[in-house]
Each structure stands twice: as structure tokens, then as C-alpha cells.
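Below you'll find the structure, written out as C-alpha cells, and then a few comments.
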Amino acid sequence: MYRTKYCAEFTKDDVGTRAKVCGWVQKQRDLGTLIFIDLRDRTGIIQLAFDDKTDRDIFDMAFSARAEFVLAAEGVIRHRGEGAINPNMKTGEIELYVDKMEVLSVAQTPPFEVKDETDVKEELRLKYRYLDLRRAPLQRNMLVRSQVARYAREYFEDNGFLEIETPVLIKSTPEGARDYLVPSRVHPGSFYALPQSPQLYKQLLMLSGFDRYIQIAKCFRDEDLRADRQPEFTQIDLEMSFVDENDIMTMVEGFIAGVFKKVLGYDVELPIKRMSWDEAMNRYGSDKPDLRFGFELVDLSSVLKDTEFKVFSSAIKEGGSVRAINIKGGADKFSRKEIDKLTDFAKTYRAKGLAWSKWSGEQSSSFAKFLSEEELRSVYGLTGFEEGDLLLVVADTKNKVVFDSLGALRCEVAEKLGMRPKDQYKFVWVTDFPMFEYDEEDERYVAMHHPFTSPRECDVENLLTSPDKVYARAYDIVLNGTELGGGSVRIHRQDLQAKVFEALGLTKEDADVKFGFLLEAFKYGAPPHAGLAFGLDRLVSLMLGLDAIRDVIAFPKVQNASELMTQCPSPVPQKSLDELFIASTVKEDL
């Protein structure tokens, strides 16, 4: 055995006992006749002590030790002494007085110092990720991730779920994000796809009689990255038969409350608040509302529809709206220059501009002079605008632009005002999503979630005549403005599935080619079923208050979907391409 216990597991109760430890040198301090080494493993640090009574070979070994050397040491645990206690260390009252030691591995000077707080550029840390992972914050992240995954397995097993693996090489069904394709050597010209989710397989498991399924599944999407996305990610994936949305939500709430209590000691208030998609958009401008602060949207269209100010009235007449958020107490916190920055921010969400009113001692406004006194009173009355406030207004012919820009603005303002604390957790269920959204590029309706989501029963009659009025039995669990997971009640009736495909513009032939195996299975008795998938990476990052999921993934990709450490993706030999019957058409840059 290399170790008796991990470094940070020793306490003053171990004083007087012999112990073995191993790990990496964090720091060596040479005081002449005394040498101290801070030895680090995944639990923390213990101090190794050497003096003039230490065997000369071992003393010389300690003298030669440098950062990141790997050591195994044995000796007696002893008190440090009153003047040497370090209250900032878990093992700050004790040390290991070493009488045996071995250098297991020497190390070159690392490209950056391995320490908790660092200002080293992320690109360098990702290139040497194995060194970065030695830092305590990242080791803590990996520990929490492991704890969450373990609790998920325990919780769902205790509730009668079976953990079943589904294939990684699957049939490509190009709906939604792009698939990663894998060429087949034995079927020239044919390709597998890596799963974007186990959706079809878990539905087939419900048809197979496994009425409670769980899997911690690896998923892949070939899409542009951002802070909370990776080309490969992990889901906690579940499905249940003979249930409705309330059963799924109750089961998920139990998991959420349990894992937050187990890992963080935090009590989640149950039941979690619910709101419809329409309510979320109208109040917060987003289907992922952050409820840690106010700044709710106010619709001003009813009082401005006949105004002579064409910027407002034209937007309303052409089917859009005029909406505002009132930043209570914000007048003194945003200068004119900062309001201009907010205007530029709103424009990134396709808003044509940002109207504003500010009341700080005296009133100033970019739009007040264009409205009648009655209109202005109505606007200020509806928004509760009073002294000290800042009013931000967006008008557009497309409600999506109004919602997107104001929804993002309320979060941007709250961030600047410090109103989004990382240690506060506000959950909400968003329900009753639109079934379809119109793709202007393809000039057709596409499924907002996926084509196997069930419409509300009261909306079925509108599937083929008014798809824009159909709402789905879909639900997302949202935490602090981020979608934590999403799911739906699935279609289990053949006739209803056929109608949904028709509404999506899929012919029977198209549907058979893409999903024939599922439709065939439906002929043999499908139970009502529903499910949900959590993003494990997102869940852990939000629990820890991190800005990016990269910090909870051991070996993440960067913005262009490459991995800096192994330099992948990379070219492969022509022989490998020939075996797969692939010809590359990439041209060298001139």
C-alpha cells in the first residue's frame, strides 16, 4: 500500500500513529536544518517535515524535491506546535515527520504553477489540461459531478427505474441539430450517426415493457458552441410509461430536491413553481426566465396603438408590440453613456433601437416629446415609473424581437447591478410550449422540441389547419435563467403521429424512410409514455455557480469544437480514407 489515508484525511486524532502518504509536491521550503514539503493529492495537502535528525539520504531527497515531483512518504503524525499552526489548512495542526521516502517520479518545471487561484490564460490551461485538473477547484468540480451522477443512479433505482444502455452508432434522422456522421467500412457509402439523444430508443424501450428507464448517456451535436454547450455532452435521461406530465414533474422534483440536499445541503422548495410558455414570454421575454430578480415586461401596445409616434404605432399595426421594463432605482446607476451601451446590446438581438426614460431629480427621455400627455401618463402608470427609475422600451413589428431583446436586457441589467447571486437557486417549470415554429429559411413549420411530442388534446383539431395555434404537452425545468432539462408527453397513437408528420410536411414515404422502425413498432401496442432529459454538465455547473460547463468536464472542447490538449480533430492517413471510400474535397487556402 502506498498510503494509509489520503493527505487531507488525517486529523489531530492521528497524532502518534505511523502513516503512509503519497502525492505531488505543491511546495518545498528549505530552512537550512529544516525542510518542509506540502504534499498534495485530490483531498488536499499535508505537510511533510524533515530536520537534522532525519536520515541524510532522505534529507537530501527532500532538499532536491521540486514542484510536481511525485513522492511516497512514511513516518509519524505529530502536532506542529503552537507557533506553526496554519488555520487555513484542513491539516494545519499536524504534520508527518518523515523517516522513509521514495521519489516515484520527477517532474520538469510545469508551464504554469498548479495553484487554486490562477490568472493563466485558459488556452494554456486547456493545452495542459492534466495539470489544470490537479488544481483544487477543478478537482472539487469533478467530485461534485461524480456525486451527482451517483445520486441520480441511486435515486432512480430506488424509484423502480432500470439503467439500460442504448446504442452510440445509430441511424441518422436529420431533424434539428446536425448529426455527427460515422462512415461504415463494411457498408460503403453508408453512415452511422452519433446520437443527439437516446430519444427513439428510450421510446422503443417503453414499447418493450420496460416502463421506467434511466441512463447517464453521452450525446453529440454538431452545432456552434457557446459557454453552456459542447459538441459532446452528458444527459441524465429518463422515460416512464403509463404516466402524464404531472407524474414526470413530481419524479424530477424529488430528484432535484434530493441531489441539492445531498451535495450542497440546500433545501429546494417544493413543489416547484409552474408557468406556461405564454406567461413566461409575456412576463420575462424568455422561455428560460431568471426569477432571482424582477424587471418584468409590461405590454404598452393597448395605450400606444393610436399614437402619432409612428415608431410605436406602426410596430403595433403590423402585428408587433411595444413593451417595457422598469429598472426600479436604476436612474442613478446608468449614465447616458451606459444607456447607449444597453442600446447597442439590444441591437444584437435585432432590436432597431432602445427608447428610454430616466427620472433622477429631473426627467429625461428619448421618446416623451413624441407622445401626448395622456399617453405618457398611461405609459408611466402601467409601468409604475416613478422618481429614481429607468424605463427601457422596445418596439418592433415582430414580437420575437421584442421578447428576445427585452428578455436579454433584463438579465444584462440585473448582472450589472449584482442581482444574480450564484448561491441562490430559483427553479421554475415552463409548460405548454408551442408545438411548432416557422422556419423562414425552409418555409415550413418545424417541431419546437421533436416530432414525437404530443399536442394538447384540445389542440389536435388545429394540427393541419392552424399549426401556429397548437400547443404541446412539453415542459422544461429552468434554473436561474438556464434550461436545466426538458421533456414531453410522447405520442403513442399511430393516427396522431401521422397527423403531426403531415403538419411538418413529411410525406408517408419520408416518415417511413426516417422513422419507419418506430412507426412499425407502434403497430404492436404502445403505452402512454413521457420523459425528460437533464444536462448533467449544466446541472453541475449551475449547482457550483460556474459560468461555463467546460469547468465540469474533464477534457472539454473549445469554441471551434477542437481539443487543445490532443490537437483533435486532425487529418488521417489517406489509407484510412480509402478504406472508408471517402474522398476529401477540402482545398488548401491560397
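For segment 525-541, the criterion of being of a type outside the set (Phe, Trp, Tyr), closer than 24 Å to residue 485 by Cβ and open to solvent by 30 Å² or more (accessible area, probe 1.4 Å) is met by at least one residue.
Note on segment 556-578: among residues that are hydrophobic (A, V, I, L, M, F, W, C) and within 23 Å of residue 188 (Cα to Cα), the one that is surrounded by the fewest Cβ atoms within 10 Å (Cβ to Cβ) is 572.
With respect to the conditions (1) free of Cβ contacts under 8 Å to residues at least 40 places away in the same chain; (2) in contact with a Lys or Arg (Cβ under 6 Å, 6 or more places away or on another chain), residue 441 falls short on a single one, namely (2).
Mind listing whichever residues of segment 432-484 are among the β-branched types (Val, Ile, Thr), open to solvent by 20 Å² or more (accessible area, probe 1.4 Å), over 22 Å from residue 200 (Cβ atoms) and under 28 Å from the mean Cα position of the chain (by Cα)? Result: 482, single match. All of (1) open to solvent by 60 Å² or more (accessible area, probe 1.4 Å); (2) in a loop (DSSP other than H, G, I, E, B); (3) farther than 24 Å from residue 560 by Cβ hold for residue 168 with one exception: (3).
Has segment 551-568 got any residue that is within 30 Å of residue 257 (Cβ to Cβ), touching a Ser or Thr at 6+ places or on another chain (Cβ under 7 Å) and modelled with pLDDT of 90 or more?
Filtering segment 551-568 down to residues within 30 Å of residue 257 (Cβ to Cβ) leaves 551-554, 556.
Now restrict to residues that are touching a Ser or Thr at 6+ places or on another chain (Cβ under 7 Å): 551-552.
Then drop every residue that is not modelled with pLDDT of 90 or more, which leaves 551-552.
Yes.
If I go through segment 382-427 residue by residue, how many of them are farther than 15 Å from residue 325 by Cβ and without any contact (Cβ under 8 Å) to a residue 60 or more places away in the chain? Residues flagged as farther than 15 Å from residue 325 by Cβ and without any contact (Cβ under 8 Å) to a residue 60 or more places away in the chain within segment 382-427 amount to 3. Might you check whether a residue that is in contact (Cβ under 8 Å) with a residue 24 or more places away in the chain, under 28 Å from residue 289 (Cα atoms), in a strand (DSSP E or B) and among the hydrophobic types (A, V, I, L, M, F, W, C) occurs anywhere in segment 514-530? Yes: one or more hits.
Counting only helices (runs of 4 or more DSSP H) that fall entirely inside segment 260-370 and contain at least 3 residues that are at pLDDT 95 or above and open to solvent by 30 Å² or more (accessible area, probe 1.4 Å), the qualifying elements are 277-284, 310-317, 336-347.
Table: residues versus (1) farther than 21 Å from residue 224 by Cα; (2) without any contact (Cβ under 8 Å) to a residue 12 or more places away in the chain.
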{"position": "163", "(1), (2)": "yes, no"}
{"position": "173", "(1), (2)": "no, no"}
{"position": "182", "(1), (2)": "no, no"}
{"position": "186", "(1), (2)": "yes, yes"}
{"position": "193", "(1), (2)": "no, no"}
{"position": "202", "(1), (2)": "yes, no"}
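Quick check: is even one residue across segment 123-145 modelled with pLDDT of 95 or more, assigned to a loop (DSSP other than H, G, I, E, B), among the β-branched types (Val, Ile, Thr) and out of contact with any Cys (no Cβ under 7 Å at 6 or more places or on another chain)? Checked against the condition, which is being modelled with pLDDT of 95 or more, assigned to a loop (DSSP other than H, G, I, E, B), among the β-branched types (Val, Ile, Thr) and out of contact with any Cys (no Cβ under 7 Å at 6 or more places or on another chain), segment 123-145 yields no hits at all.
The values are calculated or read from the model by the stated rules, or taken from the named source; none is laboratory data. Quantities reported herein were computed from a predicted structural model and do not represent experimental measurements. Neighbour counts run over all protein chains shown; Cβ positions are idealised from the backbone, glycine included. Note: areas computed on protein heavy atoms with side chains; ligands, DNA, RNA excluded. Shrake-Rupley method; radii C 1.70, N 1.55, O 1.52, S 1.80 Å.
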